[in-house]
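Data block below; observations after.
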Amino acid sequence: MPKVIVTARVRDVTRWEQRFRTHGALFKSQTVTTPIGIAVREDKTVAICAEPADLDEFMRILESAATEEAMANDGVERDTVEVYSHGRRISAVVCCGIDGSAALGVISRMSVGLERQSCCSY
């Protein structure tokens with residue numbers, strides 16, 4: 001399964017995390033059936049690591065109105081969203097592009113100033 005890292009700035013990390021954990025149906029529609037890793041920094045930057053079974057379907061749903069609405073309700077600053085998979089970043093409605101080793105690099109860079117890490121099962 002591909003690994004996907006999504007990073008963004010949020011208005012309120014506590015609110016974001018509480019609301020993010022309620023989106024199980026949305027994640028399942030994105031073909032994500034494993035727990036999602038979460039990292040939060042003091043500067044209100046968040047990162048998630050997901051493993052979708054179908055990357056194309058994941059991206060299709062990520063760029064949908066349903067995801068845009070969920071992100072707005074969660075307090076995500078939409079223009080800061082970056083998505084990484086398969087070692088590259090491609091511009092789209094959101095930015096796409098990291099495989100497993102590169103994903104670990106993003107998480108490692110996120111570790112500087114890391115407030116907390118957790119895992120989201122739904």
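Quick one: which residue in R19, R9 is part of a strand (DSSP E or B) and of a type in the set (K, R)? Criteria check complete, one pass: R9.
Going by the conditions given, is S118 modelled with pLDDT under 95 and part of a helix (DSSP H, G or I)? No; evaluated as a whole, the condition is false for this residue. Applying the condition of being under 14 Å from the mean Cα position of the chain (by Cα) and in a loop (DSSP other than H, G, I, E, B) to the stretch 45-71 and asking which residue is surrounded by the fewest Cβ atoms within 10 Å (Cβ to Cβ) yields E63.
The values are calculated or read from the model by the stated rules, or taken from the named source; none is laboratory data. Just so it is clear, the model here is predicted, and its values are computed rather than measured. Here the Cβ is made from the backbone with ideal geometry for all residues, glycine too, and neighbour counts use every protein chain on show.
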